[in-house]
Amino acid sequence: MAKPIIIRGVAIGQGRPKICIPIVGKTQREIFDKADELQTVPADLAEWRADWYQGADSIENVLDTLRGLRKRLGEKPLLFTFRTKMEGGERRLDRDRYLRLNEAAAESGLADLVDLELFTILEGGKLSAAMEAGDLAGAVSRIRSGGVRIVMSSHDFINTPPKEELLRRFEVMDQSGADILKIAVMPKNPADVLTLLSATEEASRKWDRPLISMAMGGIGVISRLSGETFGSAVTFASAGTASAPGQMDAAAVEQILNAVHRGMYPENMKSHIFLIGFMGTGKSTVTSALSARCGCSGLEMDQRIEEETGMKIRDIFSRFGEEYFRNLETELLKRIRLEAPAVVSCGGGAVLRQENVEIMKSCGRIVLLTAEPETVLERVRGDDTRPKLKGRMSVSGIRELMDERRQAYSLAADLSVATDGKAPNEIAEEILRFLQEL
């Protein structure tokens with residue numbers, strides 16, 4: 001299973017496929033207008049197709065347009081793509097100029113991801129020879145040094161290569177060190193679509209990087225909608241002008257992806273399981289045990305917030321205050337609601353905000369884990385990462401804080417399980433029995 005890549009809060013490779021809307025326009029004004037339109041459509045991330053831009057011959061023009069896009073897109077992730085004529089784009093560009101352009105986009109800090117074409121970097125060379133020469137790895141390393149993630153791509157607008165060739169391309173992309181591996185093909189019949197889907201499913205089990213795959217044109221539309229089944233993490237949809245054959249309207253794509261997402265999971269995991277409770281009640285260990293039994297992923301909210309912000313929880317509290325941290329929790333829960341059913345370990349104070357409780361109840365069950373103050377103290381003693389226990393690291397201090405939260409916990413919970421003296425596996429089994437009775 002691929003480890004998700006989190007960019008500006010969007011987890012690529014986790015939950016339903018993320019929707020990417022290409023921004024295409026010949027002039028800067030057209031490009032900016034398209035970016036403004038994204039505020040009204042369901043887009044998880046945006047792709048700027050710079051090959052459509054009349055000013056793309058000048059790196060200065062490209063960077064100036066990137067600055068405008070970054071301002072308009074706010075915190076929405078941005079993928080920079082110059083699609084060459086050889087791979088279905090609007091213009092030709094030799095390898096050296098292509099690399100310089102992508103390096104400039106990466107170094108600017110304005111794009112979050114950069115698309116690198118496999119065969120443009122190799123100049124049509126053989127894959128095995130290219131890997132021996134280190135061409136791909138070198139290009140990836142140079143461009144990633146600008147602080148971006150790399151999407152390594154291959155587009156075939158003529159036909160669909162055999163499955164063995166598609167897997168070989170995925171393998172070479174993986175060996176290059178790229179963050180996301182992308183293949184697009186042109187099917188001539190439904191069998192070609194099955195070839196792509198089969199290769200994607202096998203590649204998603206072989207390599208731990210998020211994949212993107214699609215069969216273009218009308219025949220291949222199903223491949224843009226079935227990514228959660230076969231392992232494709234992103235689908236491209238249109239909001240006006242399409243950038244490739246077969247792109248569907250973004251609003252329609254969102255409806256279908258959500259319907260597929262809801263229908264994929266067995267009855268006992270059609271929704272999230274949120275574990276709430278005071279710190280030290282065992283939420284993390286029970287999350288691991290319970291997710292293994294349910295056959296789903298486990299998610300630590302505090303850990304996810306630390307990954308997304310690049311800061312420790314205690315530092316967020318000390319620098320920005322508790323209200324700021326609670327806002328981060330709320331925004332994360334809104335995104336979790338759209339992801340695949342998981343066991344979610346919530347921060348100790350997550351249910352203190354009613355909006356958070358309402359989000360959890362809208363997409364899952366809430367399980368309260370409890371423990372006596374003496375048990376909690378034994379589990380958290382010496383842990384300086386918990387800002388709410390500062391000055392309260394005692395049985396009486398813990399009991400006092402527990403009493404402050406007791407009513408909020410009780411009102412939020414669908415069921416409650418005591419964890420004192422129990423092993424995580426035992427607690428997980430108890431939770432599952434309770435959930436089956438609800």
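The values are calculated or read from the model by the stated rules, or taken from the named source; none is laboratory data. Computed from a predicted structure; not experimentally measured. Here Cβ is always computed from backbone atoms with ideal geometry, including for glycine, and neighbour counts include all displayed protein chains.
Of all the listed residues (LEU368, LEU377, LEU290, LEU338), the sole one being under 17 Å from the mean Cα position of the chain (by Cα), surrounded by 15 or more Cβ atoms within 10 Å (Cβ to Cβ) and either assigned by TED's automatic domain parsing to the domain that holds GLU430 or not in a loop (DSSP other than H, G, I, E, B) (or both) is LEU338. Looking at this structure, is GLY109 touching a Ser or Thr at 6+ places or on another chain (Cβ under 9 Å) and part of a loop (DSSP other than H, G, I, E, B)? Against the criterion (touching a Ser or Thr at 6+ places or on another chain (Cβ under 9 Å) and part of a loop (DSSP other than H, G, I, E, B)), GLY109 does not qualify. Within region 63-88, work out how many residues are crowded, with 21+ Cβ neighbours inside 10 Å and over 19 Å from ARG144 (Cβ atoms). Qualifying residue count, region 63-88: 5. Within region 293-316, being hydrophobic (A, V, I, L, M, F, W, C), in contact with an Asp or Glu (Cβ under 9 Å, 6 or more places away or on another chain) and not in a helix (DSSP H, G or I) holds for one residue alone: LEU299. Contact map, region 199-221: residues that are closer than 16 Å to ASP156 by Cα paired with residues that are of a type in the set (Asp, Glu), Cβ distance under 7 Å, separation 6+ or inter-chain. Pairs shown: ALA215/ASP192.
Taking region 203-217 as the range and being more than 18 Å from ALA250 (Cβ to Cβ) and not in a helix (DSSP H, G or I) as the test, the residues that pass are TRP207, ASP208, ARG209, PRO210, LEU211, SER213, ALA215, GLY217.
So which residues in region 223-246 are free of Cβ contacts under 8 Å to residues at least 60 places away in the same chain and buried (at least 18 other Cβ atoms within 10 Å of the Cβ)? The answer is SER223, ARG224, LEU225, SER226, PHE230, GLY246. If we keep just the residues of region 241-269 that are touching a helix residue (DSSP H, G or I) at 6+ places or on another chain (Cβ under 7 Å) and outside any helix (DSSP H, G or I), which is modelled with the lowest pLDDT? If we take residues in region 241-269 being touching a helix residue (DSSP H, G or I) at 6+ places or on another chain (Cβ under 7 Å) and outside any helix (DSSP H, G or I), then GLY246 is modelled with the lowest pLDDT. Condition test on THR200, is it part of a helix (DSSP H, G or I), among the hydroxyl-bearing types (Ser, Thr, Tyr) and at pLDDT 95 or above? Spelling it out, THR200 is indeed part of a helix (DSSP H, G or I), among the hydroxyl-bearing types (Ser, Thr, Tyr) and at pLDDT 95 or above. Among the residues of region 308-321, the ones that are touching a residue at least 24 places away in the same chain (Cβ under 8 Å) and exposed (fewer than 14 other Cβ atoms within 10 Å of the Cβ) come to 1 in all.
Restricted to region 1-100, the set of strands (runs of 3 or more DSSP E) holding at least 1 residues that are within 20 Å of the chain's Cα centre (by Cα) and at pLDDT below 95 comprises 5-7, 10-12, 18-23, 45-49. Just give me the residues in region 351-365 being in a strand (DSSP E or B) and surrounded by 20 or more Cβ atoms within 10 Å (Cβ to Cβ), in sequence order. Across region 351-365, the qualifying residue is only GLY364. Quick one: in region 131-172, of everything that is part of a loop (DSSP other than H, G, I, E, B) and within 23 Å of the chain's Cα centre (by Cα), which residue is nearest to THR195 (Cα to Cα)? Top of the filtered list is VAL148.
Residue-level check: of (1) in contact with a Pro (Cβ under 8 Å, 6 or more places away or on another chain); (2) under 28 Å from ASP44 (Cα atoms); (3) of a type in the set (A, V, I, L, M), VAL286 misses just (2). Yes or no: region 93-103 includes at least one residue that is more than 23 Å from ARG209 (Cβ to Cβ), surrounded by fewer than 22 Cβ atoms within 10 Å (Cβ to Cβ) and in contact with an Asp or Glu (Cβ under 7 Å, 6 or more places away or on another chain). Scanning region 93-103 turns up at least one residue that is more than 23 Å from ARG209 (Cβ to Cβ), surrounded by fewer than 22 Cβ atoms within 10 Å (Cβ to Cβ) and in contact with an Asp or Glu (Cβ under 7 Å, 6 or more places away or on another chain). Hey, does region 383-404 have a residue that's surrounded by fewer than 18 Cβ atoms within 10 Å (Cβ to Cβ), hydroxyl-bearing (Ser, Thr, Tyr) and either more than 31 Å from the chain's Cα centre (by Cα) or modelled with pLDDT of 90 or more (or both)? Yes, region 383-404 contains at least one residue that is surrounded by fewer than 18 Cβ atoms within 10 Å (Cβ to Cβ), hydroxyl-bearing (Ser, Thr, Tyr) and either more than 31 Å from the chain's Cα centre (by Cα) or modelled with pLDDT of 90 or more (or both).
Tell me yes or no: at least one residue of region 160-167 is basic (Lys, Arg) and at pLDDT below 95. No. Taken as a whole, the condition of being acidic (Asp, Glu) and closer than 27 Å to LEU257 by Cβ applies to GLU75.
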